[in-house]
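Okay, structure first, notes after.
The values are calculated or read from the model by the stated rules, or taken from the named source; none is laboratory data. The shown structure was predicted, so the numbers you read here are calculated from the model rather than taken from an experiment. Here the Cβ positions follow ideal geometry from the backbone for every residue, glycine too, while neighbour counts run over all protein chains shown. Surface areas here come from the heavy atoms of the whole protein model, side chains and all, with no ligands, DNA or RNA. Shrake-Rupley method; radii C 1.70, N 1.55, O 1.52, S 1.80 Å.
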Amino acid sequence: MLFRSNTANTAEVKIRELQREADSNKTLFETFLNRFKETTEQTDNQRADARVISPATPPQFPSYPRVRLTAFIGFFISLFIAVSIALLLEALDNGVRSAEHLAQLGGGAVFAMIPSIKSRRNRPAEDCVVAAPTSTVSEAFRSLRVAISLSNVDNPPKTVLITSSVPSEGKTLTSISLARTAALSGSNVILIEADMRRPRFRHVFGIPHKQGLVQVLTGEASLSQIVFKDPKTNLYVIPASGGAANPPDLLRSAVMMHLLRDLREKFDLVIIDTPPIMAVADQRVLVPMVDKVVFVVKWQSIPAQVVASSLRQLAEIGVRQPACILSQVNVKKHARYGYGDYGYYYSRYRSEEHTSELQSRFGISYAVFCLK
């Protein structure tokens, strides 16, 4: 009995020893397990989210923006905008640029294309044909004179009226230059200023006396008292003087008709400078008294509607096809437009010597004339 009791005690002690060893191992295992979990979690947190697929190489060209495609699209967009602006400006600019355009508006043959002339303090534009007789400008006015003479071969015009649509189109410059050109050629020419509202001849020619056409028509002065002879060209000039109450009545008077008839018999050519058509009606009373009407149109400046309206007014008083002139022409731009008239080719014909002469004297860049 006692032996069984000792055996049982020994076994119980052994069991407790094993239990303590198992608990100690369990505790140690749990410690290692917890430590392993902590280390694993730390490793997972430090591990990168990406991995290297292939090594990086420097790019040869940018992936964005696509320069060639962008430049190609931008070029065509810019071209479209430029063409649109050009067409818009072309539509808004309805000035007369060519002989064909003027003919479509109802004008007659274009007798001349006169270039623009820059006046200087000591060299006015009106002296161009005198100071530079071999220039292209002088050639243009000589061609205009020939064209007027050939407009009626059997009965060349002797009385020529020059007018325009609006002021500042070169009407007075054309009148003076044409008259001086004819006088320099040996013809007996007289120039009459019929613009009594804005007279300019007294300043251009340096006329000392103040009397003019008004005093002759009213009987206050005789023709010999008011006629001035240009010392540069032997051209006879009848200036206008201000102060006329009703210029149309004076111009359509019997005195004016007799005056033109007498001048026609004494001179080879009588040129009359009249006011613009759209401004006043003075030229309406003079048209039946003359042989030829010259209509001056400023190149690319006067709206086509204004020119057409002026031509209609001339047609209403019996002038069906006036001798038209394009004045103040920029021939470089005119040739750039590609018009097929004589003005395009004549600019290439003239020598550089004549052009240099005009540039040094008058600041003229280009000159051309057109005779049809």
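Calculate the translational D of segment 57-120 in whole µm² s⁻¹ from Stokes-Einstein, where the hydrodynamic radius comes from the Kirkwood formula applied to all Cα pairs, the temperature is 20 °C and the viscosity 1.002 mPa s.
Details: Rh = 17.1 Å.
The Stokes-Einstein estimate is 126 µm²/s.
Based on the alpha-carbon gyration tensor of segment 212-335, what equivalent-ellipsoid semi-axes (square roots of 5 times the eigenvalues) come out, in whole Å, largest first? All intermediate terms of the calculation are to be shown ahead of the outcome.
Details: eigenvalues 166, 71, 39 Å².
Rounded to whole Å, the semi-axes are 29, 19, 14.
Fully extended, how many nm does the chain gain between SER149 and SER24 (0.36 nm per residue separation, minus their Cα-Cα distance)? The partial results should precede the final answer.
Details: separation 125, 0.36 × 125 = 45.00 nm, distance 13.99 nm.
Computed gain between SER149 and SER24 is 31.0 nm.
Just the number, please: Stokes-Einstein D of segment 102-175 in µm²/s, Kirkwood Rh from C-alpha pairs, 25 °C, 0.890 mPa s. Don't jump to the answer; show the numbers that get you there.
Details: Rh = 14.0 Å.
Answer, rounded: 175 µm²/s.
Ignoring ligands, DNA and RNA, please state the percent of accessible area on segment 237-305 from carbon and sulfur, probe 1.4 Å.
Working: 1400 of 2680 Å².
Answer for segment 237-305: carbon and sulfur cover 52 percent of the accessible area.
When we measure straight from the Cα of LYS210, which lysines land under 21 angstrom away, once same-chain ones fewer than 8 places off are left out?
Result set, ordered by chain and number: LYS229, LYS232.
How would you order 71-77, 161-167, 55-61 from highest to lowest mean count of nearby Cβ atoms within 10 Å? Walk me through the intermediate numbers first.
Values: 71-77: 10.1, 161-167: 23.6, 55-61: 5.7.
Order by mean packing, descending: 161-167, 71-77, 55-61.
Rounded to the nearest whole Å², what accessible area per residue is found for segment 160-309 with the 1.4 Å probe?
Numbers: 5790 Å² over 150 residues.
That works out to 39 Å² for each residue.
What is the spread of the Cα atoms of segment 101-233 along each of their three principal axes, largest first, in whole Å?
Principal-axis extents of the Cα atoms in segment 101-233, largest first: 45, 35, 32 Å.
Karplus couplings for segment 261-278 from phi (6.51 cos²θ - 1.76 cosθ + 1.60, θ = phi - 60°), rounded to Hz, Gly and Pro as x?
5, 5, 5, 4, 6, 8, 10, 6, 8, 10, 10, 10, 8, 10, x, x, 5, 6
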